[in-house]
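The values are calculated or read from the model by the stated rules, or taken from the named source; none is laboratory data. None of the values given here were measured: they were computed from a predicted structure. With ideal geometry, Cβ positions are generated from the backbone for all residues, glycine too; neighbour counts draw on all protein chains shown.
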Amino acid sequence: MKINTTDPIVLRVMQMLDSRSTVGLEKYGVSLYDDERAFGDWCDMAIEEALDKANYLMKIKDEWEAIEEGLHSCDKCTCEKKI
């Protein structure tokens, strides 16, 4: 495969995809392409991932709103609005 992009964002995403593929191969012993799970299993996994994503987005939104309101109190944060 020839990669034509020089966009650093796209290249970073491609690196992340490659890394995730390696982790999956090590964990499950089979590539995503060769994984022969049932169609319903793929649907269940996609639903679970979507639900996880919704949770992550809610967490991000809550954190962002706290920062915007000047209420952020995360000890790990280095933002100027930390109280």
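Key figures
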| quantity | calculated |
| --- | --- |
| Residues of the range 38-49 that turn out to be aliphatic (A, V, I, L, M) and exposed (fewer than 10 other Cβ atoms within 10 Å of the Cβ), as a count | 1 |
| Top-ranked residue of the range 1-32 - restricted to ones that are part of a loop (DSSP other than H, G, I, E, B) and of a type outside the set (Ser, Thr, Tyr), ranked as surrounded by the most Cβ atoms within 10 Å (Cβ to Cβ) | Val30 |
| Verdict on Glu69 being exposed (fewer than 10 other Cβ atoms within 10 Å of the Cβ) and either hydroxyl-bearing (Ser, Thr, Tyr) or modelled with pLDDT under 95 (or both) | yes |
